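Colleague: Got a structure for you, questions after.
The values are calculated or read from the model by the stated rules, or taken from the named source; none is laboratory data. Every value quoted in this text rests on a predicted model; they were computed, and no experiment measured them. Positions of Cβ are backbone-derived with ideal geometry, glycine not excepted, and every protein chain shown enters the neighbour counts.
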There are 2 protein chains.
Amino acid sequence: MKLTTLDALLIFLVGHKSQSGYDIRQLFQSTPLGMFSDSPGSIYPSLARLEEHELLAGSTESGGRRRRSYKRTAAGQKALAAWLEWPLERDPRKRRSGEVELRFVIMADALGAARTVKFLDEVDTAYSDQLREIEAFMGGAGAQMNEASRAANDLGMRTIRLHIEWCREMKKKMGRRS
Amino acid sequence: MKLTTLDALLIFLVGHKSQSGYDIRQLFQSTPLGMFSDSPGSIYPSLARLEEHELLAGSTESGGRRRRSYKRTAAGQKALAAWLEWPLERDPRKRRSGEVELRFVIMADALGAARTVKFLDEVDTAYSDQLREIEAFMGGAGAQMNEASRAANDLGMRTIRLHIEWCREMKKKMGRRS
DNA sequence: TCGTCCATGTAACGCGTTACATGATTTG
DNA sequence: CAAATCATGTAACGCGTTACATGGACGA
């Protein structure tokens, strides 16, 4: 079963303590995780799918309000680890925003510092390649673009540089303790 | 008809000179615009839809290779202007990446510097609000997060600050000539 | 007990993705 | 002419979105 980014996030979230769909919706509304939709039509079907494939174990609590909470299974743990090993989409233009950060957090939690440093290395390389490509484009064909387009690309380049910088800081920081 | 981001981009692209689906695919492959899919299954149906609604006018050229190219209609121009006026999704976590930049470029081209400065103002405000929210969160509930999560949020905040900075530079630059 | 919130779902719909299909036209 | 490439589509599928539906628990 091919996990979506949301699937992976859900499996991650119920790992430490079991949570319900409603808990997760609250989380998405109130934290920077909210890049994912908090709509019931997105979360509940995903949870149901994951339970069907036995990557999560659901249990309906009796007493008080009706409430179905989930926890991660061993198979879920394996699936999450497999998701982490999937090759990262090389082209940053195609990655959904926040995906790198999400992978980073899950990986640091699940696989430890050494593996995460390796991941940061890949990300650094991917961003650096992309940056060189854009710089080359701007020096060549892109030079004739209008001012607004050049400005937008400038923002893009600065954003990539920021991410590269962050990667390198993280590599240093995590390398010291692995 | 509610335009998708891709729709708006297509209408914009065929505005200055008429282009075919193939031209646009090439563009998406070779430029930073490639945040959009260059797959035929995405571009051709969208072009067909837009032609059906008469926002684009298609014409099959005779002679040489079979080739259907599109140009913007007056209705297309109006629809694009209407798209620009749609309220920007306030929550930056929900915006697809690159949407602000795309709007900026199209707006600068279609509506001129004064309106674009106003747009940059809104964006600045939205980002600043969001930044304050995250900072508050990090000072409160978020303080107990693990190190990796804090680092990811730190990247998020830095990215927002970069965007705010860019907005203000652009406002200054464009304000001088409007 | 009446409304409001809690909590979970479902149905319809549209778009994007992947994969496949089709011909026509250069190129060697 | 054979092969590669140009150029446009289409069919199946899945996920996310929006909107609607349900029903129990809690507060006034």
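Colleague: Of the residues that make up region A:47-55, is at least one under 17 Å from B:D91 (Cβ atoms) and either hydroxyl-bearing (S, T, Y) or surrounded by fewer than 19 Cβ atoms within 10 Å (Cβ to Cβ) (or both)?
Modeller: For region A:47-55, residues under 17 Å from B:D91 (Cβ atoms) and either hydroxyl-bearing (S, T, Y) or surrounded by fewer than 19 Cβ atoms within 10 Å (Cβ to Cβ) (or both): absent.
Colleague: Would you mind telling me which numbered condition in (1) within 13 Å of chain B (Cβ to nearest Cβ); (2) more than 19 Å from the chain's Cα centre (by Cα); (3) in a loop (DSSP other than H, G, I, E, B) A:G64 fails?
Modeller: Result: A:G64 passes all but (1).
Colleague: Now a separate question. Looking at the structure I just gave you, is B:R72 away from every other protein chain (no Cβ under 14 Å) and either more than 10 Å from DNA strand C (Cβ to nearest atom) or over 30 Å from A:I134 (Cα atoms) (or both)?
Modeller: When the stated conditions are applied, B:R72 passes them.
Colleague: Take region B:46-61 and flag every residue that is in a helix (DSSP H, G or I) and more than 8 Å from DNA strand D (Cβ to nearest atom).
Modeller: Hits for region B:46-61 are B:S46, B:R49, B:L50, B:E51, B:E52.
Colleague: Is there a residue in region B:129-151 that is within 25 Å of A:E169 (Cβ to Cβ), of a type in the set (V, I, T) and touching a Phe, Trp or Tyr at 6+ places or on another chain (Cβ under 6 Å)?
Modeller: no
Colleague: Every residue in region B:7-23 that is within 8 Å of DNA strand D (Cβ to nearest atom) and in a helix (DSSP H, G or I), please.
Modeller: Listed by number, the residues that qualify are B:G21, B:Y22, B:D23.
Colleague: Hey, another quick one. Could you please find all residues in region A:92-123 being charged (D, E, K, R) and within 16 Å of DNA strand D (Cβ to nearest atom)?
Modeller: A:K94, A:R95, A:R96, A:E99, A:R103
Colleague: Might you check whether a residue that is assigned to a helix (DSSP H, G or I) and away from DNA strand C (no atom under 12 Å from the Cβ) occurs anywhere in region B:33-44?
Modeller: yes
Colleague: Starting from region B:27-45, keep only residues that are without any contact (Cβ under 8 Å) to a residue 24 or more places away in the chain and within 10 Å of DNA strand D (Cβ to nearest atom), then list their pairs with residues that are among the hydroxyl-bearing types (S, T, Y) and part of a helix (DSSP H, G or I) whose Cβ atoms are within a distance under 9 Å, requiring at least 6 positions of separation or different chains.
Modeller: The qualifying pairs are B:P40/B:Y22.
Colleague: List, please: which pairs have Cβ atoms under 7 Å, are six or more places apart or on different chains, and start with a residue in region B:145-164 that is more than 13 Å from A:A108 (Cα to Cα) and end with one that is assigned to a helix (DSSP H, G or I) and of a type in the set (S, T, Y)?
Modeller: Pairs found: B:T159/A:T159; B:I160/B:Y127; B:L162/A:T159; B:H163/B:Y127; B:I164/B:Y127; B:I164/B:S128.
Colleague: What number of residues within region B:33-53 satisfy the criterion of being hydroxyl-bearing (S, T, Y) and within 14 Å of chain A (Cβ to nearest Cβ)?
Modeller: Final tally of qualifying residues: 3.
Colleague: While we're here: I need the full set of residues from region B:136-178 which are under 24 Å from the mean Cα position of the chain (by Cα), assigned to a helix (DSSP H, G or I) and of a type in the set (G, A, S), in order please.
Modeller: Selection gives B:G156, B:G175.
Colleague: Collect the residues in region B:62-79 that are in contact (Cβ under 8 Å) with a residue 40 or more places away in the chain, near DNA strand D (Cβ under 7 Å from one of its atoms) and farther than 26 Å from A:Q144 by Cβ, keeping them in residue-number order.
Modeller: B:R68
Colleague: Please enumerate the residues belonging to region A:78-123 that are within 10 Å of the chain's Cα centre (by Cα) and on the phi > 0 side of the Ramachandran plot.
Modeller: Scanning region A:78-123 gives a single hit, A:G98.
Rundown of residues vs (1) of a type outside the set (D, E, K, R); (2) within 16 Å of DNA strand C (Cβ to nearest atom); (3) away from chain A (no Cβ under 14 Å), yes/no style:
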position: B:L55; (1), (2), (3): yes, yes, yes
position: B:A81; (1), (2), (3): yes, no, yes
position: B:E89; (1), (2), (3): no, yes, no
position: B:R96; (1), (2), (3): no, yes, no
position: B:V123; (1), (2), (3): yes, no, no
position: B:G140; (1), (2), (3): yes, no, no
position: B:Q144; (1), (2), (3): yes, no, no
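Colleague: What residue, of A:M1, A:M35, is under 24 Å from A:M170 (Cβ atoms) and touching a helix residue (DSSP H, G or I) at 6+ places or on another chain (Cβ under 8 Å)?
Modeller: Result: A:M35 is the single residue among A:M1, A:M35 that is under 24 Å from A:M170 (Cβ atoms) and touching a helix residue (DSSP H, G or I) at 6+ places or on another chain (Cβ under 8 Å).
Colleague: Additional query: For region B:84-112, give me each residue that is modelled with pLDDT of 95 or more and touching an Asp or Glu at 6+ places or on another chain (Cβ under 8 Å).
Modeller: The answer is B:A108, and nothing else.
Colleague: Please determine, by comparing only the residues of region A:7-32 that are exposed (fewer than 15 other Cβ atoms within 10 Å of the Cβ) and within 15 Å of DNA strand C (Cβ to nearest atom), which one is nearest to B:E133 (Cα to Cα).
Modeller: A:S30
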